[in-house]
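First comes the structure, then the notes that go with it.
Taken together, the values in this text are just the output of simple stated rules run on the coordinates, not laboratory data. Owing to the predicted nature of the structure, the values given are computational and were not obtained by experimental measurement. Every residue, glycine among them, receives a Cβ derived from its backbone with ideal geometry; neighbour counts consider all protein chains shown.
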Amino acid sequence: MALTDAQIRGAKPKSDRAYKLYDEYGLFIHISLSGAKLWRFRFQYAGKEKTLSLGAYPAIGVREARHNRDEARRLLAAGKDPSAERKRQKIATSLAARNTFEAVAEELIDKNEKEGMAEVTLSKQRWIVSLLAPSIGDRPISDLEPLEVLNALKQIEKGARYETTQRARSLASRIFRYAIITGRARHNAAADLGMALISHKPKHHAAIIDPDALGALLRAIEDFEAGTSVMFGLRLLPHVFVRPGELRHAEWREFDFEKAIWRIPAGRMKMRDEHVVPLSRQSIAILQEARYYHINGPLVFPSVRTWMRPMSENTLTAALRRMGYSGDEMTAHGFRSTASTLLNESGLWSPDTIERALAHKDANTVRGIYHRGTHWKERVEMAQWWSDHLDELRLTAGLKRGEGSNVARQATPFLTSSTLSGRQQ
């Protein structure tokens with residue numbers, strides 16, 4: 001006889017033993033000594049009697065318990081063991097939880113990190129995943145459909161974040177490809193979504209390429225009052241024209257002043273190859289003065305908050321803004337374009353030497369391998385010529401401003417090593 005909800009609610013525990021109240025077709029409710037009421041389904045499979053747990057009352061009501069029983073009976077009719085199917089379902093659910101979009105993304109980023117991807121790139125990837133996570137992060141990656149991924153991207157696209165959205169689609173596509181290769185997905189739900197997104201027109205980093213304007217900028221940097229990391233970072237960057245991220249993470253152990261070189265480790269380079277920068281006399285003088293102020297820390301350009309962390313990503317560009325240079329005029333990254341343009345226009349240096357100095361990877365992979373160790377002598381000569389040229393432009397700008405007697409002083413604005421030795425004593 002079928003149980004009623006009132007019968008189950010009224011059932012009280014017995015002091016000496018647990019007991020059962022039977023419903024129909026093998027369904028019953030087990031009432032323990034503590035009063036807990038647990039649904040059970042008794043069945044036979046392959047000649048053996050088995051019992052399947054269907055949940056606790058009242059969380060599972062009579063109607064739902066009967067529905068679960070009927071699902072188990074359908075499995076039996078199909079020749080399947082409901083207990084084994086339950087275990088398989090739990091395993092599948094557990095695997096799905098570990099194979100969410102966010103979990104697979106984190107796994108791919110960890111792999112990239114072990115392969116030596118630059119920390120700045122890894123940080124951007126983690127940030128992009130954090131933008132996608134609210135919409136699709138906890139979804140099993142195998143279940144995601146293009147429309148769901150598109151919706152997540154559209155959430156990022158709001159506020160005219162077109163470039164970020166395109167980067168997010170590209171990273172999502174790589175995450176899906178990784179999931180396919182590792183057996184967690186069958187299709188790339190982000191592959192063909194580009195047409196549905198607003199395209200972004202790349203904007204080149206603003207840069208000053210007029211020699212007179214560059215001289216005025218160098219003069220402005222010389223007169224600019226700021227913290228030591230900003231001051232020395234702005235002075236050094238035009239001479240070495242590395243990427244701002246490579247500069248701000250610089251550590252003293254990377255510099256060899258006797259050999260006049262700076263070895264930037266592969267992990268910090270965009271192309272993941274070690275980059276060796278020849279240092280001019282001016283560059284060494286700037287670094288030696290910076291060393292005097294930051295002699296106890298590992299970083300050349302530490303944050304104002306803690307000497308264990310580098311200055312923040314936009315610090316140098318923000319300093320240029322405070323000097324009156326807008327985003328359409330100059331950026332910290334723009335010093336690379338400035339150097340590239342003026343070095344090429346000088347006609348004194350081979351294009352390959354300039355490209356190697358900029359740490360650009362050769363489009364021809366085989367050619368790039370054979371050119372890895374070349375151009376060093378010319379790069380050393382070019383580094384000194386470039387620093388001398390910058391000094392000339394800066395001094396010329398000073399003369400145009402009518403500074404006259406100050407020119408001689410401005411020609412050697414940095415502390416020398418002997419001066420430093422005297423000050424440290």
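Computed values, structure above
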| item | result |
| --- | --- |
| Candidate aspartates and glutamates - alpha carbon under 17 Å from Lys158, same-chain residues fewer than 8 apart omitted | Glu148 |
| The stretch 101-196 - convex hull of the alpha-carbon atoms, volume per residue in Å³ | 86 |
| Binned Cα-Cα distances of the stretch 5-95, short to long, each 10 Å bin given as a whole percent | 16, 44, 30, 10, 0 |
| Exposure proxy ranking, count of Cβ atoms within 10 Å, fewest first, for Thr331, Thr51, Thr396, Thr306 | Thr306, Thr51, Thr396, Thr331 |
| The chain - mean residue ellipticity at 222 nm from DSSP helices (-39,500 (n - 2.57) per run, n ≥ 4, rounded to 500) | -16000 deg cm²/dmol |
| Ordering of 280-289, 103-112, 189-198 by burial proxy (mean other Cβ atoms within 10 Å per residue, highest first) | 280-289, 103-112, 189-198 |
| Extension reserve of the Asp223-Ala191 stretch, reckoned as 0.36 nm per residue once the Cα distance is removed | 6.4 nm |
| Computed FRET value (nearest 0.05) for Ala56 with Ile180, which takes r as the C-beta separation and R₀ as 41 Å | 0.55 |
| Per-selection metrics, the chain (Cα): Rg and Dmax in Å | 34.0, 111 |
| Given charges at beta-carbon only (K, R positive; D, E negative), |dipole| of the stretch 101-196 in Debye | 200 |
| Stokes-Einstein D for the stretch 1-155, Kirkwood Rh over Cα pairs, 10 °C, 1.306 mPa s (µm²/s) | 81 |
| Members of Lys14/Lys50; Lys124/Lys154; Lys87/Lys124; Lys90/Lys154; Lys37/Lys90 lying beyond 30 Å, as alpha-carbon distances in this model show | Lys87/Lys124; Lys90/Lys154 |
| Between 0 and 90°, nearest 10: helix 228-240 axis offset from the chain longest Cα axis | 70 |
| Label-point separation, Ser15 to Glu49 (7 Å along Cα→Cβ), nm | 3.0 |
| Sorted by Cβ density within 10 Å, fewest first, the residues Met117, Met231 | Met117, Met231 |
| Residue order, fewest to most beta carbons within 10 Å, for Tyr293, Tyr325 | Tyr293, Tyr325 |
| Radius of gyration, Dmax [the stretch 288-331; alpha carbons; angstrom] | 12.9, 38 |
| Ranked by how many other beta carbons lie within 10 Å on average, peptides 344-355, 29-40 from highest | 29-40, 344-355 |
| Kirkwood Rh, angstrom, the stretch 196-297 [1 / mean 1/r, Cα pairs] | 15.5 |
